[in-house]
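Contents: one structure, followed by commentary.
What follows draws every value from the coordinates through simple rules; no lab data is involved. All of these numbers come straight from a predicted model, not from anything done at the bench. Cβ placement follows ideal geometry from the backbone for every residue including glycine, while neighbour counts extend to all protein chains displayed.
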Amino acid sequence: MPRVGLPVDISRILPHGSIVGADGETGRENEDSQGTGAMSPVSHEPPQTPGEAELPAGTVTFLFTDIVGSTRLWENEPGAMARSLVLHDETLHAAFGHHGGVVFSAMGDGMAVAFCSAAGAARAALQAQRALMAAPWPTQTGALKVRMGLHTDEAVPRDGQYAGQPLNRCARLMAAAHGGQIVMSDATQALMRSQLPDGATLLDLGGHRLRDVAERMRVFQIVHPDLLCAFPALVSLDAIPNNLPIQLTELVGRQAELAEAEQLLTRTRLLTILAPGGAGKTRLAIQAAADIAAGFSDGVFFISLADIRSNLDIIQVIGESLGLALSSDEDVKAQLLTYLAGKCQLLVFDNFEHLLAGAPLVTGILQAARRSGWW
Ligand SMILES: Nc1ncnc2c1ncn2[C@@H]1O[C@H](COP(=O)(O)OP(=O)(O)OP(=O)(O)O)[C@@H](O)[C@H]1O
Ligand SMILES: [Mg+2]
């Protein structure tokens with residue numbers, strides 16, 4: 001994984017039940033920055049650290065993998081999952097190694113692998129999926145379902161790692177796939193199309209907006225008689241109602257902060273990101289929202305309050321951002337809260353700091369949207 005940092009760090013990410021107050025808590029004078037800006041992937045075993053000589057350079061095809069639903073399996077069946085993970089690792093290492101792949105990082109329950117040949121990477125992915133289907137899984141976990149994404153780009157390893165855009169693209173591509181599915185970028189399919197493995201074809205899944213990737217990426221799926229072939233639509237931003245602003249550049253670093261924010265959002269309904277001006281708060285919030293968008297069936301909405309001067313306008317701006325027509329003849333706050341009551345949505349408020357007197361509205365939203373099972 002890349003270890004690229006920004007010169008300034010996001011200072012604090014706060015989960016809480018009510019919005020924090022002014023000045024000191026805006027983080028503008030915060031001197032206790034804790035983040036390093038570096039990526040810190042969670043590994044289930046120490047990542048291999050291949051020497052630079054082993055890692056391909058130039059045109060490199062990356063293959064990223066991820067086990068679907070592993071968190072739930074770890075919680076429900078920790079013993080069996082530990083055995084399944086060993087089997088998973090052995091199976092993937094054997095398939096990837098057979099086709100010249102070098103595993104350069106382990107992320108969570110997944111792997112990042114580099115190949116000097118796009119066709120080799122595709123064969124390795126196909127072999128790995130076949131082997132996973134045939135493996136003797138413990139009955140408690142059943143067969144682990146692994147999503148795989150391939151992307152080819154120019155890349156040069158440094159210190160046993162690659163960095164930057166190609167990795168982000170491959171990670172986003174892989175994250176859009178379903179368990180058992182192998183997807184690839186246009187760049188990869190162009191290189192391997194003439195060398196398709198026996199019996200394999202490519203299915204054009206069309207253009208997709210993949211989280212932070214600015215332009216749409218055309219995505220292809222490997223189809224083979226030995227693989228599952230019918231999958232739901234890719235989990236791209238196109239599949240989820242949203243108005244997240246398109247980013248014109250790739251996200252750099254911030255993986256540790258992203259992981260922290262996304263993890264905190266699994267157990268808190270209100271999260272505040274604090275940092276000095278220009279540190280990247282908005283960017284981090286947009287990326288975190290995009291990453292977890294699939295968990296919000298009614299969508300993810302970005303609400304910019306930067307240009308608002310009066311608390312009275314907040315509801316209007318929320319309504320506009322949600323595409324909601326609020327009638328001025330009735331209590332607009334009541335209309336908004338009634339609308340949100342039945343919704344599973346993530347709202348990203350940007351630049352709330354100058355409207356703190358309007359913060360009780362957020363409490364009102366949290367109360368109105370409270371559902372059984374929530375705290
Ligand atoms: N991790 C990142 N990768 C790439 N670009 C970034 C990253 N973080 C911030 N930027 C870019 O830097 C600029 C400033 O970031 P951003 O607007 O998110 O900062 P901010 O903390 O929200 O600023 P402000 O305090 O003014 O609201 C933006 O152009 C943003 O796209
Ligand atoms: Mg901002």
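Here are some notes:
- Protection proxy ranking of 330-337, 195-202 - average other beta-carbon atoms within 10 Å, highest first: 330-337, 195-202
- Normalising the average separation of contacting C-alpha pairs (under 8 angstrom, six or more residues apart) by the number of residues puts the relative contact order of the range 246-375 at 25 percent.
- Fully extended contour minus Cα-Cα distance, from Thr363 to Val86, at 0.36 nm per residue: 95.2 nm
- Going by neighbour counts of Cβ atoms within 10 Å, the residues Ser84, Ser194 line up, fewest first, as Ser194, Ser84.
- Ellipsoid semi-axes for the range 57-184, based on the Cα gyration tensor and the rule √(5λ), read 25, 14, 13 Å when sorted largest first.
- Cα-based shape type of the range 266-375, given that a ≥ b ≥ c are square roots of the gyration tensor eigenvalues and the cut on a/c is 1.5: oblate
- Per-residue Cβ neighbour counts within 10 Å put His88, His98 in the sequence His98, His88, beginning with the fewest.
- Peptides ranked, highest mean first, by Cβ atoms within 10 Å: ranges 162-169, 127-134: 162-169, 127-134
- Neighbour-count ranking [beta-carbon atoms within 10 angstrom, fewest first] of Lys343, Lys281: Lys343, Lys281
- Summed over all non-identical Cα pairs, the Kirkwood treatment of the range 118-232 gives a radius of 14.9 Å.
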